[in-house]
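First up is the structure itself, then whatever we jot down about it.
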Amino acid sequence: MAVLGRPNVGKSTLFNRLVGRQRAITDPTPGVTRDVLEGELDLGGQRVRLLDTGGYTLERGQLQREVSQRSLAIATSSDLTLALVEVGGLTREDQALFDRLRRLPDFPDKVVLVINKVDGPKQELGLGEFQALGFGSLAAVSAAHGRGIAELKELIRKCLERAGRAGDLLPDHQRRSDAELHLAIIGKPNTGKSTLLNRLLGEERALVSESPGTTRDPVGGTLRYRGRTLRILDTAGIRRKSRVSEAVEYYSVNRAIQSIEQADLVVLLMDVREGVSDQDKKIADLAVRAGRGVILALNKVDLLAGPKAEAKAGLRGIEEKVRFFFPLLDFAPLVALSAATGSGVDRLLAEILEVGRQLQRRVPTGRLNLAVKHWVAEYTLPVRGKNVKIRYATQTGANPVRFLFFVNSLRLFPQRYLSYLKNRIRADLGFGKVPVDVRLRES
Ligand code: GDP
């Protein structure tokens with residue numbers, strides 16, 4: 001999403017107001033904001049990338065011309081443009097900008113006209129002239145005083161939603177540095193989430209009780225393990241369970257979604273005696289589709305009956321069953337553990353670190369394209385009248401892991417070849433334990 005407007009309408013002030021941080025330099029000299037500034041705007045959990053374009057002007061100077069061109073280019077490729085004007089008089093520059101905006105492919109859907117400096121009722125009287133301009137969405141704000149900002153955010157959210165443009169929405173965790181891994185422990189009540197949290201943190205953070213009662217106190221924490229910082233998120237279900245009489249912490253997909261949003265990886269905890277529930281399956285699928293790491297964890301192995309060998313055989317059977325239930329998660333590590341005794345917890349931590357490493361892994365483009373050559377040599381792309389070709393590949397993202405392949409024809413590109421590429425990326429490039437998203441683009 002981009003903010004566009006002539007100099008001095010208040011782009012930087014609006015940008016700072018929306019992003020909630022002083023990122024842009026505000027200066028009364030027109031044209032002083034030259035660099036494209038980037039920030040992220042919080043729309044109640046969703047994050048949107050916002051670009052301050054540097055503005056649009058009719059001035060003839062080389063720099064001004066460049067800034068204008070660049071601004072328009074950014075607007076063209078943006079999912080949504082905030083066109084900023086000020087109340088009390090449209091200028092020639094505003095009009096020129098409108099002309100350009102009207103030529104955008106998705107006008108008026110992808111443009112919101114934001115009228116700034118509406119500081120009070122007096123200025124509101126001047127809003128009439130903007131209604132006839134043909135913009136689909138209008139917002140009156142005072143960037144300097146914060147008026148109308150909440151409404152503008154709501155409007156942005158709606159516009160992006162309506163346009164189905166989720167591409168600009170960044171998952172929360174992309175703001176963070178890679179230094180901390182965020183972990184969500186999710187699972188049915190009584191599977192042992194609080195016990196595991198206590199075990200991991202090495203202290204009694206969550207009170208554990210026989211009955212799955214809960215209170216509202218948030219519980220989470222941070223631990224260091226082999227040089228990494230793991231933050232265990234305060235997810236529904238891990239609570240200070242001091243008042244047993246309170247309602248059962250229920251286990252719903254909706255509540256898990258938020259945790260998935262915030263997490264880099266999810267530990268899906270199950271009771272080894274109960275196995276997989278429908279919710280477990282749904283939550284695991286959601287996590288994988290969001291590109292999160294998933295670790296399947298079977299807790300309470302200490303309760304498996306019988307002598308050691310027998311219990312082991314029993315566990316193997318259970319593990320096979322769990323695998324069968326999660327066909328989409330064949331890559332996810334499966335760990336059997338006992339939160340109560342601590343057995344298997346080291347393996348869980350080791351898997352967490354490994355999954356975290358893979359999520360954050362980046363393969364240099366040169367190395368990737370060499371590998372692609374090799375893969376294509378081993379399994380030739382089919383010929384269907386015309387040669388199907390991969391021109392170029394690049395890793396477009398880490399955590400979530402994303403790859404983009406440029407091909408000569410989308411139509412001719414076989415689906416099973418895409419699966420082949422995905423498997424090779426996993427096997428050869430060190431992404432064996434995480435979801436990998438591979439897209440094609442025609443070029
Ligand atoms: P939560 O609802 O998922 O947070 O589950 P809790 O951590 O409160 O655990 C529920 C019950 O299972 C408690 O009585 C725990 O003592 C017990 N429990 C948790 N983990 C284990 C385990 O590994 N082995 C055994 N035997 N009991 C466990």
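The values are calculated or read from the model by the stated rules, or taken from the named source; none is laboratory data. Computed from a predicted structure; not experimentally measured. Neighbour counts run over all protein chains shown; Cβ positions are idealised from the backbone, glycine included. We work out accessible area using only protein heavy atoms, side chains counted, and drop any ligands, DNA or RNA first. Shrake-Rupley method; radii C 1.70, N 1.55, O 1.52, S 1.80 Å.
Tabulated data for the structure shown
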{"read-out": "Test: residue in the range 316-325 that is in the same structural domain as THR195 (by TED's automatic domain parsing), more than 22 Å from ASP285 (Cα to Cα) and open to solvent by 60 Å² or more (accessible area, probe 1.4 Å)", "value": "yes"}
{"read-out": "Residues being charged (D, E, K, R) and in contact (Cβ under 8 Å) with a residue 60 or more places away in the chain - total across the range 368-405", "value": "1"}
{"read-out": "Scan of the range 423-442 for residues that are closer than 12 Å to PHE405 by Cβ and polar (S, T, N, Q), ordered by number", "value": "none"}
{"read-out": "Residues that are away from the ligand (no atom under 15 Å from the Cβ), free of Cβ contacts under 8 Å to residues at least 12 places away in the same chain and charged (D, E, K, R), drawn from the range 311-350", "value": "LYS312, ARG316, GLU320, ARG323, ASP330"}
{"read-out": "Filter result (more than 27 Å from the chain's Cα centre (by Cα), modelled with pLDDT of 65 or more and open to solvent by 60 Å² or more (accessible area, probe 1.4 Å)) within the range 192-237", "value": "ARG199, GLY202"}
{"read-out": "Meets criteria (in contact with a Leu (Cβ under 7 Å, 6 or more places away or on another chain), more than 21 Å from ASN8 (Cβ to Cβ) and either crowded, with 19+ Cβ neighbours inside 10 Å or not polar (S, T, N, Q) (or both)) for ARG162", "value": "no"}
{"read-out": "Subset of the range 142-153 [open to solvent by 60 Å² or more (accessible area, probe 1.4 Å) and without any contact (Cβ under 8 Å) to a residue 40 or more places away in the chain]", "value": "HIS145, ARG147, ALA150, GLU151"}
{"read-out": "Checking ALA350 against (1) crowded, with 16+ Cβ neighbours inside 10 Å; (2) under 26 Å from the mean Cα position of the chain (by Cα); (3) of a type in the set (Gly, Ala, Ser), the condition it does not meet", "value": "(1)"}
{"read-out": "Which numbered condition ALA339 fails, given (1) surrounded by fewer than 17 Cβ atoms within 10 Å (Cβ to Cβ); (2) part of a loop (DSSP other than H, G, I, E, B)", "value": "(1)"}
{"read-out": "Some residue of the range 425-443 being outside the structural domain of LEU328 (by TED's automatic domain parsing), of a type in the set (A, V, I, L, M) and open to solvent by 60 Å² or more (accessible area, probe 1.4 Å)", "value": "yes"}
{"read-out": "Lone unmet requirement of (1) at pLDDT below 80; (2) not in a loop (DSSP other than H, G, I, E, B) for LEU50", "value": "(1)"}
{"read-out": "Members of the range 274-302 found to be within 16 Å of the ligand (Cβ to nearest atom) and either in contact with a strand residue (DSSP E or B) (Cβ under 7 Å, 6 or more places away or on another chain) or among the hydrophobic types (A, V, I, L, M, F, W, C) (or both), listed by number", "value": "VAL276, ASP280, ILE283, ILE295, LEU296, ALA297, LEU298, ASN299, LYS300, VAL301"}
{"read-out": "Of the criteria (1) in a loop (DSSP other than H, G, I, E, B); (2) surrounded by fewer than 17 Cβ atoms within 10 Å (Cβ to Cβ); (3) more than 16 Å from the ligand (Cβ to nearest atom), which one ALA305 fails", "value": "(3)"}
{"read-out": "Out of ARG367, ARG362, sole residue that is closer than 23 Å to ARG289 by Cβ and open to solvent by 80 Å² or more (accessible area, probe 1.4 Å)", "value": "ARG362"}
{"read-out": "Subset of the range 60-99 [open to solvent by 40 Å² or more (accessible area, probe 1.4 Å), in contact with a Lys or Arg (Cβ under 8 Å, 6 or more places away or on another chain) and in a loop (DSSP other than H, G, I, E, B)]", "value": "GLY88, THR91"}
